[in-house]
C-alpha cells in the first residue's frame, strides 16, 4: 500500500511540473504591436539658391518641422525584434533673395522653398526594459516646393522696362534614408522617443544666371543652369509613441 501511495505522489509531482512548464511556454509567445508616433523635428538642409551674374544669394533657413507615422513592431522572447513604419513630415523652409546687374539691366530673384515628404522605413530593435534602441533604413519621396518672383529691369535710352515672372514649382526625388534612435517606456502604452534621421540628397548644388540683356523687351541672351535634385536632410526628432499593446 505504501509503495502504491508513493507512486501516486511521484506521478502527481511530475504532472504538476509538466503543466507548469507548459504554462511558461505560453507566456513568452511572439507578438506584433501596432503603434503611432508624433515627432517634432529640427532639420538642417543643404538647400542653396541661384547666383546672379556672379553675386551669391542670401539665405534664411527655418529649421522647425514635424513628422507623424504609423507602424508595427514585432517582439520576441529574446531582446531582438523588428519594426516597420510609414510617415509624412514637414522639414522646414529656406528663403532666398539675390540681385545682379549685367549689360543693360538688373535681375532680382526672391523665393521660398518648403521641404516635405513621405517615407517608408524598416529595421531592427534591441530591447532592455524600459529602453529600446532601433536602426531603420528605407527611402523618402522628398518634395521641394518653390514659390517666388523674378523681376527684370531693362534700361534703354534712359527709359526703363520691367518684366515680372512668378516662380511656382515642385520637384520630387526618391532618396535613401536612415533613422537611428531609441525609446524610453513610460508605461505599457506610451514611450518617449529621440532619433537622428539622414536623407541622402544633393550636396553639390550649382545654379547660375549669366549673359546680358540684348534689348529693352527681350532677355534672349540670359541663360541659367541649375542642378534641381532635392537637398540632403539631417533631422533631430523627439516626441511620443503610443503602442496598442
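Among the residues of the stretch 124-137, those identified as touching a strand residue (DSSP E or B) at 6+ places or on another chain (Cβ under 9 Å) and either surrounded by fewer than 17 Cβ atoms within 10 Å (Cβ to Cβ) or free of Cβ contacts under 8 Å to residues at least 24 places away in the same chain (or both) are 124, 126, 129, 130, 131, 133, 135, 137.
Surrounded by 17 or more Cβ atoms within 10 Å (Cβ to Cβ), touching a residue at least 60 places away in the same chain (Cβ under 8 Å) and closer than 17 Å to residue 69 by Cα, is that true of residue 177? No; evaluated as a whole, the condition is false for this residue.
Taken over the stretch 75-94, residues that are surrounded by fewer than 17 Cβ atoms within 10 Å (Cβ to Cβ) and either closer than 28 Å to residue 53 by Cβ or at pLDDT below 90 (or both) amount to 4. With respect to the stated conditions, residue 148 fails to be assigned to a strand (DSSP E or B) and closer than 30 Å to residue 71 by Cβ.
The values are calculated or read from the model by the stated rules, or taken from the named source; none is laboratory data. The model shown is predicted, which means the values in this text are computed figures rather than measured ones. Cβ: placed from backbone, ideal geometry, glycine included. Neighbour counts: every protein chain shown.
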